[in-house]
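Have a look at the structure below, then the notes.
The values are calculated or read from the model by the stated rules, or taken from the named source; none is laboratory data. None of these values were measured; they are calculated from a predicted model. Positions of Cβ are backbone-derived with ideal geometry, glycine not excepted, and every protein chain shown enters the neighbour counts. In case anyone asks, the SASA skips ligands and DNA or RNA and just uses the protein heavy atoms, side chains included. Shrake-Rupley method; radii C 1.70, N 1.55, O 1.52, S 1.80 Å.
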Amino acid sequence: MKIKSSQIFQLIFVLLIYWIPNVAQSQDSIKVEDLKAFSSTFDINDGALIGPGAEVLRQAVANAHVVMLGNNSRNQLESDLDLALSKVLNKNDFNTLIMETGPSCANIVDRLSSQQSKSVTAFKKLNQKYYFEAGGLLFMPIPDLKYEGTAKFTTYLKEQGWSIGGLGPDSWTSYKLLIDELYQNLSIENKQVYQKDYKASITLLDNLYTAMKGQSYDDLLGLISGIQSSLEFNKFLDDMDSIDGNTKLVTDLRYSIGYWGMYGNKKFHDKNELNARHAKQQMKAALDEFEFDFSKDKVLLKMWRGHLTNGVTPNGFYGVGNMMMELANYHGHNSLNIGILGRYTIEDGVLKDVLDKRDQVLTKHQPFIALGEKDKWVLVDLRPFNKTFHWGNYIQTLDMQNMMRRYDMIIIPKTDRKAKVNS
């Protein structure tokens, strides 16, 4: 009897109906309990890492030439981790920090951090001079240096002889500071020549910042549009571009204005693509400036975790984190990529758990955050976890696959609080 092709398709369909559920039942989903087996706790005591998780972290740092820390240091414990981890890095001959402050702002961070015992006060004076308020929010010229802990962190590194550089766009809050930098770089004679346009540029920024109601897309669009339409401001930049010592700063400032203009116009794809490509160019420029030698030198790269991933970023581009992982591998070394995820915080004296509002937490982060504890730091080591779960009879969601590929470790701080503002 000859079987028709339609009958063959029907038979295959019936077999698939029975076969797929049986295969799914033979596989196990990756659960929080599976992650817990690869987690350990630690604490920070008098600026030192202690506990079993600390030992895992120390050994990983000792085996790496590139460490990437994905946090923002705007909570106190994340800031405490910066300083405690930097001491471990320093003992293992790390000598370079690259921050996501923008290169021109990083130069200022490097200079003020070099003042050692006076540096925290120097950053406080900087914040007091250039801060402004909008929509009930307090904005500082270099957002990462809004907090006292970051000043202590960078000061410690300079005391140990580290080089400090930056990448990414300089913040839109830094424009008055950077205009002042351009002007202060001038000779006495040139200050007289360009004083009018300099003062007009500062007045323009004062007015534009005062008009802002917050940091919405419309607020940023209004700021950047006002800058781009100002003849005096752009004439001042053109003039400064011809002055020795100011050209690089003008280039950085123009890049920042263009970047934040894309943000205000909601051109997210263009903005993210530009930033991913430009950050890699900035990274190369910073390492070249420091004469960084991959055969012996070691670097800490500190950025927002989404910009720092191994492989493709959440925005869909190969970013600077992947670049540094590949360069470390190319030179026969290891990299270590650490992402920070918070769970518990104290807000106005009340304990908050981010998982109480799961709809506001990315699904891919929830299994990791669930391991967080109120009174202990938790470290999840994804390196041995990947060996067990990447291959084998386990169901992997796309979210879990992405986390496994993007990070070597996840750290969840214990109950956190807002960092102390340095103002």
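Evaluation of residue 330 against the conditions (1) more than 25 Å from residue 94 (Cα to Cα); (2) free of Cβ contacts under 8 Å to residues at least 60 places away in the same chain; (3) among the aromatic types (Phe, Trp, Tyr) shows that the sole unmet condition is (1). Per the listing 379, 362, the residue uniquely of a type in the set (A, V, I, L, M, F, W, C) and closer than 30 Å to residue 294 by Cβ is 379.
Summed over segment 143-168, residues that are farther than 16 Å from residue 71 by Cα, open to solvent by less than 20 Å² (accessible area, probe 1.4 Å) and not in a helix (DSSP H, G or I) total 3. For the criterion of being closer than 25 Å to residue 128 by Cβ, charged (D, E, K, R) and either open to solvent by less than 30 Å² (accessible area, probe 1.4 Å) or in contact with a His (Cβ under 8 Å, 6 or more places away or on another chain) (or both), residue 206 fails.
Listed by first and then second residue, the pairs linking a residue in segment 349-368 that is under 18 Å from residue 39 (Cβ atoms) to a residue that is among the aromatic types (Phe, Trp, Tyr) and open to solvent by 30 Å² or more (accessible area, probe 1.4 Å), with Cβ atoms under 7 Å apart and 6 or more places separating them unless they lie on different chains, form an empty list. Among the candidates 238, 244, the residue that is outside any helix (DSSP H, G or I), open to solvent by 40 Å² or more (accessible area, probe 1.4 Å) and under 22 Å from residue 107 (Cβ atoms) is uniquely 244.
Evaluation of residue 109 against the conditions (1) touching a Lys or Arg at 6+ places or on another chain (Cβ under 7 Å); (2) assigned to a helix (DSSP H, G or I) shows that the sole unmet condition is (1). Selection of segment 247-274 for residues being closer than 15 Å to residue 172 by Cβ, in contact (Cβ under 8 Å) with a residue 60 or more places away in the chain and either touching a Gly at 6+ places or on another chain (Cβ under 7 Å) or open to solvent by 60 Å² or more (accessible area, probe 1.4 Å) (or both) yields 252, 256. Being closer than 16 Å to residue 363 by Cβ and either of a type outside the set (Phe, Trp, Tyr) or modelled with pLDDT under 90 (or both) is a property that does not hold for residue 411.
Scanning segment 290-315 for residues that are touching a Leu at 6+ places or on another chain (Cβ under 8 Å) and in a loop (DSSP other than H, G, I, E, B) turns up 294, 298, 308. Against the criterion of being more than 19 Å from the chain's Cα centre (by Cα), acidic (Asp, Glu) and open to solvent by less than 60 Å² (accessible area, probe 1.4 Å), residue 353 qualifies.
Does segment 356-367 contain any residue that is closer than 20 Å to residue 81 by Cβ and open to solvent by less than 40 Å² (accessible area, probe 1.4 Å)? Checking segment 356-367: at least one residue is closer than 20 Å to residue 81 by Cβ and open to solvent by less than 40 Å² (accessible area, probe 1.4 Å). When each of 414, 374, 418 is tested for being in contact with a Phe, Trp or Tyr (Cβ under 6 Å, 6 or more places away or on another chain), on the phi < 0 side of the Ramachandran plot and open to solvent by 80 Å² or more (accessible area, probe 1.4 Å), the lone residue that passes is 374. Residues in segment 262-308 that are touching a helix residue (DSSP H, G or I) at 6+ places or on another chain (Cβ under 7 Å) and at positive phi: 266 only. With respect to being farther than 23 Å from residue 255 by Cα and among the charged types (D, E, K, R), residue 124 fits the description.
Checking each residue in segment 169-198 for being among the hydroxyl-bearing types (Ser, Thr, Tyr) and in a helix (DSSP H, G or I) picks out 173, 174, 175, 183, 194, 198. Does residue 201 satisfy the condition of being surrounded by 13 or more Cβ atoms within 10 Å (Cβ to Cβ), over 30 Å from residue 321 (Cβ atoms) and hydroxyl-bearing (Ser, Thr, Tyr)? Considered against the rule, which asks whether it is surrounded by 13 or more Cβ atoms within 10 Å (Cβ to Cβ), over 30 Å from residue 321 (Cβ atoms) and hydroxyl-bearing (Ser, Thr, Tyr), residue 201 comes out as yes.
Taken over segment 209-226, the criterion of being part of a helix (DSSP H, G or I), open to solvent by less than 20 Å² (accessible area, probe 1.4 Å) and not hydroxyl-bearing (Ser, Thr, Tyr) is satisfied by 220, 223, 224, 226. Residues that are more than 19 Å from the chain's Cα centre (by Cα), among the hydrophobic types (A, V, I, L, M, F, W, C) and over 28 Å from residue 158 (Cα atoms): does segment 262-282 have at least one? Yes: one or more hits.
Here is a yes/no grid of residues against (1) modelled with pLDDT under 95; (2) surrounded by fewer than 23 Cβ atoms within 10 Å (Cβ to Cβ); (3) under 19 Å from the mean Cα position of the chain (by Cα); (4) over 29 Å from residue 179 (Cβ atoms):
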| residue | (1), (2), (3), (4) |
| --- | --- |
| 58 | no, yes, no, yes |
| 67 | no, no, yes, yes |
| 80 | yes, yes, yes, yes |
| 98 | no, no, yes, no |
| 105 | no, no, yes, no |
| 122 | no, yes, no, no |
| 126 | no, yes, no, no |
| 132 | no, yes, no, no |
